Ligand code: ADP
Ligand code: ASP
Ligand code: MG
């Protein structure tokens with residue numbers, strides 16, 4: 001019997017009506033003679049609410065206890081969906097990440113998967129049950145409950161699809177697929193029929209949250225094709241596959257031979273600047289080593305030209321890690337004799353991504369000219385072979401994204417379709 005892994009995000013299971021709608025879809029899939037493993041996220045904004053709640057009782061928020069707390073969100077969804085399935089006469093059983101044997105390392109909040117055992121899922125499938133797995137979580141080699149980073153239910157889905165040898169991995173969400181830009185920010189964005197792993201990796205890495213970065217890394221490394229689609233309209237969505245894979249999503253792309261496949265925006269980072277850093281060997285290492293040791297992902301880094309033996313170093317970190325990062329940076333700045341540390345949370349990163357960039361000169365020039373013409377000031381720049389990113393003021397993000405989308409010929413002429421489901 002074919003096996004499908006279906007993952008439903010927070011908005012897709014946000015309330016009892018949504019939960020029943022998802023149960024209906026699972027039931028239909030099951031009745032088509034398919035084994036189904038469902039991965040669920042926490043309902044609506046449950047994870048954000050739990051994080052806020054923790055902040056109200058604790059400044060320290062120890063990692064172990066945060067993971068104990070946050071994993072409850074997905075557990076609630078899994079139990080409720082399983083109950084809704086029972087009402088439809090579908091024999092289903094819910095599991096936590098730990099119960100299905102998602103074994104991770106011991107880094108709370110950002111744990112990496114070491115192994116997926118999946119025995120209990122296989123046993124349940126073998127007796128005809130639908131399995132509903134709480135996403136985002138696992139159990140560490142030290143037997144502690146862990147979470148795998150924001151958005152990691154996508155990773156749970158791809159990892160289970162691989163471990164179980166699933167025939168498809170469907171990521172159901174609140175948009176109809178992967179678009180040329182976030183359709184909530186750029187209404188003229190269009191849906192891609194398919195996108196390559198490499199492009200999706202750059203889009204996710206640049207901060208597009210439609211798929212969590214590590215789920216795309218995992219899917220690419222293990223050849224798990226992902227089908228991103230809507231849990232509201234149920235229409236076919238976007239296939240994320242190997243460039244060579246013509247079976248999924250067809251050979252044609254929604255946009256013919258695009259040089260740029262998308263514009264990505266990210267407002268989840270903050271900028272830190274260390275001012276007046278003595279310009280001598282080893283200073284950067286002294287600064288970034290403790291940040292790495294604290295598992296803080298430093299993204300863009302810019303060092304100014306040295307004047308009078310000192311320089312300024314600016315870099316971006318996830319805003320969620322800002323408090324920890326700033327403590328570390330202030331300590332190191334003191335140690336190396338820097339003049340001071342400033343930080344700016346009101347920034348946005350805007351990137352253009354496209355495999356065609358490799359063979360097309362002038363993309364950066366067009367990007368910078370477009371931003372200049374729209375009065376957007378660039379604070380930082382970084383590039384990869386198929387991506388150019390800039391940091392700008394958060395207030396300019398919409399203008400920047402829309403103007404770049406138009407400048408690179410990505411706008412759709414069609415009407416914008418049904419309004420997107422509201423996010424609560
Ligand atoms: P889920 O809760 O289902 O995991 P997410 O909020 O994590 O959903 O991801 C879906 C959201 O990603 C969409 O609502 C959309 O606003 C945003 N998004 C950002 N970039 C894109 C893009 N290029 N294509 C589609 N959606 C995007
Ligand atoms: N609930 C978690 C989050 O909000 C995981 C997920 O939704 O994938 O990050
Ligand atoms: Mg998500």
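Structure data summary
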item	result
Segments 38-47, 130-139 sorted - mean Cβ within 10 Å per residue, highest first	130-139, 38-47
The chain - percent relative contact order, Cα under 8 Å, separation 6 or more	14
√(5λ) per eigenvalue of the Cα gyration tensor, the range 13-159, largest first, Å	27, 19, 10
Degrees, to the nearest 10: 322-336 long Cα axis against longest axis of the chain	30
Taking all pairs of distinct alpha-carbon atoms in the range 97-154, Kirkwood radius in angstrom	11.5
Ordering of 77-84, 62-69 by burial proxy (mean other Cβ atoms within 10 Å per residue, highest first)	77-84, 62-69
Ratio Rg/Rh, restricted to the chain and using Cα atoms, in which Rh is the Kirkwood radius	0.99
Packing rank of 18-24, 350-356, where each peptide gets the mean count of other beta carbons within 10 Å, highest leading	350-356, 18-24
Theoretical gain in end-to-end length, residue 87 to residue 198 [0.36 nm per residue, Cα-Cα removed]	35.8 nm
Degrees separating the helix 16-31 axis from the principal Cα axis of the chain, which is the longest one	60
Helix 213-222 axis, angle to the chain major axis (alpha carbon atoms, nearest 10°)	60
Gained length - residue 343 relative to residue 378, 0.36 nm times residue gap less alpha-carbon distance	10.9 nm
Among beta bridges that DSSP assigns inside the chain, antiparallel share in %, nearest 5	60
Paramagnetic label zone (point 7 Å from Cα along Cα-to-C-beta, residue 395; backbone N under 18 Å) in the range 303-343	343
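All of the numbers you see were taken from the coordinates with simple rules; none came from a lab. Predicted, not measured: the structure shown is a model, and the values here were computed from it. So basically every Cβ, Gly included, is an ideal-geometry build from the backbone, and we count neighbours across all protein chains shown.
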